[in-house]
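Quick notes on the structure that follows.
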Amino acid sequence: MDTRDALQALQQELGPRGFVPGADTEERYLVDIKGTRGALPLAVLRPASTEQVSRALAICHAAGIPVVTQGGRTGLVQSHVPCQGEVVLSMERMNAIENIDADAAMATVQGGVVLQALQERLDAAGLMFPLDLGARGSCTVGGNISTNAGGNRVIRYGMTRELVVGLEAVLADGTVLDGLKPLIKNNTGIDLKHLFIGSEGILGVVTRAVLRLVPKPGERTVALCALGEFAQVRALLRQARQRLGGELTAFEVMWDSYFSRALGIVGKAAPLPPGQPYYALIETSSAGTGGAANLEGLLQLVLEDGTVSDAVIAKSGAENEALWKLRDISVEVSRTLMPAVPFDVSLPIAAMEHFVPRFEAAVRAIDPRCDTVVYGHLGDGNLHLAVHQPPDQPATFQAIQEAVYRLVGEYHGSISAEHGIGVSKREFLPHSRSAQEIAAMHALKNALDPGHLLNRGRVLAHRPA
């Protein structure tokens, strides 16, 4: 089957709503959140069912047409930006919440379900899907699974991997792997779902999933603390883990480089004055009504012993959201450095105190104008960094990346905590993975997609068997 015949077959299979000719492609399918623009695809495929995904991939496989999968298009590593000669496979029409099982605390959903839509549906049922991140209004469950998304509640509930019970995926040749059993205990050989969680769509397309749910918290309380030394940040985290236990939902830290800019964007009275080196945002959630009292007790203790220099605790849901907004506007804060080079890294918590000043010194050695912001999910070891790239020095982009990822590797960290590798981080993968590990990834890719048709060139270089 040649390309022309394949496109005709795809049009016939998917119908007018499911097949968009390449020449009619809307701009939203071509660009990412950073404005990177891809090539015009051969077509945009918008299947409405697993069966249509399977048939579409089988047609593309027979014709050797590469496919790039798109969810909510919120990725930061150019994974979903189309390349020349590809078709776009958009999951936006597969957006059904198929079943909510309150007894088993599980939901079965299609891959194109928007995270916030799922959260709102469950909220009405007194349940919660624990995953939460700033892009909740546009990111999709399938994309969250494909990138093993982390977000704000990892310290309590874990990454997306811990929240997926069952999975349905379609391989490059159209084969459907139905692993949707809603069973927590299922030791029947290799658990295939883990091949697709975090592999960024290079092994298969996630079409449906069974997700683990938790009861909706009866009480949720947020506090903001100012601290003068990183040793005090670590001490506060230890105290929070010990005194709050399972009620500790989030522990976010903002360096003043971030916090001061966030205050300027929010434009309201500052909950705490800027100028302290560190600001920690702590969230607790509990089934009953004791969480706020426990958090207040922690704050009293750390204020008295000098761990924290100042603190404020929310007294209402609106105040909770106001404090979280300082952290949720990270994209806007990073834009104050535009053009900016963003980073999403993991490090041992104990290493962060030494890493950050070395990071700042390394980029300013490239150009003194390389201003920075630092913030992140410190409770799970994830830092987000942004570096201003002087616009009159385009060559500094590569130099900044090389310097930062080399430093991350020196600290035995990860060059991607939650955003994935995609295209933009692919050459730096050896800073976090050994040659043997990368070879094993290639072996898996060649076994399940020997033609490298799915998300070709993402994560791994195009090296067919």
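The values are calculated or read from the model by the stated rules, or taken from the named source; none is laboratory data. Note that the structure is a prediction, hence the values are computed from the model and not measured. Heads up, the Cβs are rebuilt from the backbone with ideal geometry, glycines too, and the neighbour counts pull from every protein chain shown.
Descriptive notes on the structure:
- Filter pass, residue 292 being in contact (Cβ under 8 Å) with a residue 24 or more places away in the chain, within 17 Å of residue 240 (Cα to Cα) and not assigned by TED's automatic domain parsing to the domain that holds residue 245: no
- Options 65, 59, 155, 97: the member that is β-branched (Val, Ile, Thr) and under 16 Å from the mean Cα position of the chain (by Cα): 155
- Across the range 405-451, the qualifying residues are those that are in a helix (DSSP H, G or I) and among the basic types (Lys, Arg), and the one among them that is nearest to the chain's Cα centre (by Cα) is 426.
- From the list 416, 432, the one residue that fits, being closer than 25 Å to residue 74 by Cα, assigned by TED's automatic domain parsing to the domain that holds residue 346 and touching a strand residue (DSSP E or B) at 6+ places or on another chain (Cβ under 8 Å), is 416.
- Residues satisfying the stated conditions in the range 310-337, i.e. over 15 Å from residue 296 (Cα atoms), outside any helix (DSSP H, G or I) and of a type in the set (Val, Ile, Thr): 329, 336
- Pairs meeting the criteria (first residue in the range 167-186 and over 18 Å from residue 453 (Cα atoms), second residue acidic (Asp, Glu) and surrounded by fewer than 17 Cβ atoms within 10 Å (Cβ to Cβ), beta carbons under 7 Å, at least 6 apart or on different chains) are 168/178; 182/101.
- The C-beta contact set for the range 197-211 (first residue more than 14 Å from residue 67 (Cβ to Cβ), second residue assigned to a loop (DSSP other than H, G, I, E, B) and basic (Lys, Arg), distance under 8 angstrom, 6+ apart or interchain) comprises 210/181.
- Any hit, the range 216-227, residues being surrounded by fewer than 15 Cβ atoms within 10 Å (Cβ to Cβ) and either in contact with a Cys (Cβ under 6 Å, 6 or more places away or on another chain) or part of a loop (DSSP other than H, G, I, E, B) (or both): yes
- Verdict on residue 193 being modelled with pLDDT under 95 and of a type outside the set (A, V, I, L, M, F, W, C): no
- Enumeration of residues in the range 321-343 that are among the basic types (Lys, Arg) and either surrounded by 20 or more Cβ atoms within 10 Å (Cβ to Cβ) or touching a residue at least 60 places away in the same chain (Cβ under 8 Å) (or both): 327
- Only residues that are assigned to a loop (DSSP other than H, G, I, E, B) and buried (at least 21 other Cβ atoms within 10 Å of the Cβ) were counted in the range 282-306, giving 0.
- Selected residue (criterion: nearest to residue 64 (Cα to Cα)) from residues of the range 418-465 that are in contact (Cβ under 8 Å) with a residue 40 or more places away in the chain and of a type in the set (S, T, N, Q): 455
Residue-by-condition table, conditions (1) under 27 Å from residue 160 (Cα atoms); (2) surrounded by fewer than 18 Cβ atoms within 10 Å (Cβ to Cβ); (3) in the same structural domain as residue 36 (by TED's automatic domain parsing); (4) touching a helix residue (DSSP H, G or I) at 6+ places or on another chain (Cβ under 7 Å):
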{"position": "345", "(1), (2), (3), (4)": "yes, no, no, yes"}
{"position": "370", "(1), (2), (3), (4)": "no, no, no, yes"}
{"position": "379", "(1), (2), (3), (4)": "yes, no, no, yes"}
{"position": "388", "(1), (2), (3), (4)": "no, no, no, no"}
{"position": "400", "(1), (2), (3), (4)": "no, no, no, yes"}
{"position": "403", "(1), (2), (3), (4)": "no, no, no, yes"}
{"position": "406", "(1), (2), (3), (4)": "no, yes, no, yes"}
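- The range 256-281: number of residues that are of a type in the set (D, E, K, R) and not in a loop (DSSP other than H, G, I, E, B): 2
- Taking the conditions (1) surrounded by fewer than 15 Cβ atoms within 10 Å (Cβ to Cβ); (2) in contact with a helix residue (DSSP H, G or I) (Cβ under 9 Å, 6 or more places away or on another chain); (3) part of a loop (DSSP other than H, G, I, E, B) in turn, residue 392 satisfies each one other than (2).
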